[in-house]
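The values are calculated or read from the model by the stated rules, or taken from the named source; none is laboratory data. Bear in mind that the values here come from a model prediction, so they are computed numbers and not experimental data. Using ideal geometry, Cβ is built from the backbone for each residue, glycine included, and neighbour counts are taken over all protein chains shown. Surface accessibility is based on the protein's heavy atoms, side chains included, excluding ligands, DNA and RNA. Shrake-Rupley method; radii C 1.70, N 1.55, O 1.52, S 1.80 Å.
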Amino acid sequence: MSHRPTGPSDLHPLRGAGNCAPSHDVPADEESTAPAPGPRSTPTPACHAPDARGTTPPTEPPGGRPHRFGYGTNGLTDLRLDDALALLADLGYDGLGLTLDHMHLDPLAPNLGARTRRVAHRLAELGLDVTVETGARYVLDPRHKHGPSLLDPDPTARARRVDLLLRAVRVAADLGAHAVHCFSGITPAGTDPDTAWQRLAQSLAPVLEAAADAGVPLAVEPEPGHLLATLADFHRLRRTLGDPEPLGLTLDIGHCQCLEPLPPADCVRAAAPWLRHVQIEDMRRGVHEHLPFGDGEIDFPPVLAALAATGYRGLTVVELPRHSHAGPHQAALALPFLRRAATAATTASSGSPATPGSPHTARPAEGSPA
């Protein structure tokens, strides 16, 4: 069944200039090779929602499905937004991670409010939920990836990133999104860590205020190579800001495999009280490269079992930003894999025999990453 629009649509966004002056920092490549951390420590007891503030991750009524899967539009950048939405609905996804970019609901182009309302209408037609993501590589600066960041030495440059996040909060509110995603950026050369943390906290303050007013959580993602790279770094930010209610966490399962001291399933349990958004893909230890399922080292059924046990019912979004050239194909493969892994997780927790062919463990990686 096709979900093509039947009337005029402005889902194909205008391409605005957006005052893209270059910044002075050059963010690290998100797929860079990271030094492998030491051995993982012994798992710690799980943290359970609700947290000390009385907030809980998004939940469904009893009997609701334990997993709601989405696909990130940063892995569908060769498709118009309307085509991407129709594809994901046809494939059976529950929603999407919508990265605001020049080809998908350009946050800097004219008539953002009107265009957002049209997208909201289309999402409702298709029955798709959404999380708003802000990791577009060159949406602010055509010369420097992810620039300017919240850590930029130039206050004017930092303000441009803050403005993007404020726009994202407004878009998320208009779309009825579950959360707004963001990350810190890398520490600029010549900037000491204390100064970088101070800039991050100051930059996020107005965004958190806007998120509180809009009723949309701000879900910060630990990103390898960034100032805020680990779960421990997230907790440092949380304490620095005084544990504000709108501040939540984007947990990328692949990043847990890449550099966290705990296995991914234990990371899920430890992060449970603050989970507001989840990204998922395969990955190898010590290498920040987003891989299709089965090409890395992650055992997914325990991860999905941990997610279900936390009570998290937001979207779990496939994150393959380097695979847009084969985006529709990867999207078609990813959802059946995740559903098989979820079934295997349920089977394991019930004590029933495993279904043959269930993805208990990804096939071992061979050779060096592309």
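Observations on the model:
- Remark: the stretch 116-217 carries 38 Å² of accessible area per residue (probe radius 1.4 Å; ligands, DNA and RNA excluded).
- Separation of alpha-carbon centers, the stretch 230-293 and the stretch 204-218, rounded to whole Å: 20 Å
- Radius ratio Rg over Rh of the stretch 147-285, counting only Cα atoms, Kirkwood formula for Rh: 0.95
- Three-way shape label, the stretch 84-216, alpha-carbon gyration tensor, a/c 1.5: prolate
- Rounded to the nearest 20, the size of the Cβ-charge dipole of the stretch 192-335 about its Cα centre is 180 debye, with Lys and Arg at +1 and Asp and Glu at -1.
- Of the residues Leu151, Leu164, Leu128, the one whose Cα sits farthest towards the positive end of the charge dipole of the stretch 127-187 is Leu151 (charges of +1 on Lys and Arg Cβ, -1 on Asp and Glu Cβ, taken about the Cα centre).
- Only beta bridges with both residues in the stretch 181-332 are counted; by DSSP, about 15 percent of them are antiparallel.
- What the Kirkwood sum gives for the stretch 261-334 is a hydrodynamic radius of 13.2 Å, with every pair of different alpha carbons counted.
- The stretch 140-213 shape via C-alpha gyration tensor axes, a/c threshold 1.5: prolate
- Whether the stretch 128-169 is rounded, prolate or oblate, judged on the alpha carbon gyration tensor where a/c under 1.5 counts as rounded: oblate
- Rounded to the nearest whole angstrom, the semi-axes of the ellipsoid equivalent to the stretch 234-304, taken from the Cα gyration tensor as √(5λ), stand at 24, 12, 10, largest first.
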